[in-house]
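Okay, so here's the structure we're looking at.
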Amino acid sequence: MKAKELNHPLITHKLSILRDKKTGTKEFRELIGEIAMFLCYEAMKDSKLNTVTIETPITKMETGRLDEDKYAFVPILRAGMGMLDGVIKVIPNAKIGHIGMYRDEITFEPVNYFFKVPKDIEKREVIILDPMLATGGSAIDAIELLKSKGVKKIKFLCIIAAPEGLKVVEEKYPDVEIYCGSIDDHLNENKYIVPGLGDAGDRIFGTK
């Protein structure tokens, strides 16, 4: 399954501001949430609805309603937290889990330090949140952790992705759907996405 890149003028516009090194913390954080909301909207296109009967001010009718309790968002700490405000506007009753990882600055490999997910996670559709899909290491580790808990349906949302990371994840987990705002050009020698947007965590939380 190939990654779904949202080629949309609004996404391109917001990404142009997000990437700009002059964009401040407040605006950067808000844009991450807005783009995440668009990604979630696209990722939910195949959602199954339950038939319910409601009464409008005019008449009764049958319509569809999402069972929000069947979904869980799992941000990869810390940068993934920046996407959470946007996606919970789409599915406000979804449960929230957390996966804590950081990148070893020598090996560039992800190091796991925290994993906490809702009860009965195996019965839910899980949407992983991480602004950057670079080498794919964090994505693969997160997917493996969730699959070890019995999760069957996983989607991965990211703001930008590198072709190298996409290839790694798609080859190992072709069943995981990936949605991204942009597929960038390549990874540099320090494993940062080019042209990218810098360190998403530092820019979201203003730590640099």
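The values are calculated or read from the model by the stated rules, or taken from the named source; none is laboratory data. Given the structure is predicted, the values throughout are model-derived calculations rather than measurements. Neighbour counts run over all protein chains shown; Cβ positions are idealised from the backbone, glycine included. Areas reflect the complete protein model, heavy atoms only, side chains present, ligands, DNA and RNA absent. Shrake-Rupley method; radii C 1.70, N 1.55, O 1.52, S 1.80 Å.
The table that follows gives values for the structure above.
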{"read-out": "Test: residue in segment 149-161 that is at negative phi and part of a helix (DSSP H, G or I)", "value": "no"}
{"read-out": "Pair list, Cβ under 9 Å, 6 or more apart: segment 36-47 residue outside any helix (DSSP H, G or I), other residue surrounded by fewer than 17 Cβ atoms within 10 Å (Cβ to Cβ) and not aromatic (Phe, Trp, Tyr)", "value": "MET44/LEU66; SER47/LEU66"}
{"read-out": "Close pairs from segment 136-152: first farther than 18 Å from TYR192 by Cα, partner part of a helix (DSSP H, G or I), Cβ under 7 Å, at least 6 apart", "value": "LYS149/ILE121; LYS149/GLU122; GLY150/GLU122; VAL151/ILE121; VAL151/GLU122"}
{"read-out": "Segment 84-125, subset assigned to a strand (DSSP E or B) and open to solvent by 80 Å² or more (accessible area, probe 1.4 Å), residue nearest to ILE32 (Cα to Cα)", "value": "TYR102"}
{"read-out": "ARG78, sole failed condition from (1) surrounded by 15 or more Cβ atoms within 10 Å (Cβ to Cβ); (2) at pLDDT 95 or above", "value": "(2)"}
{"read-out": "Restricting segment 156-184 to residues that are hydroxyl-bearing (Ser, Thr, Tyr) and under 20 Å from ILE99 (Cα atoms), the residue that is farthest from the chain's Cα centre (by Cα)", "value": "TYR173"}
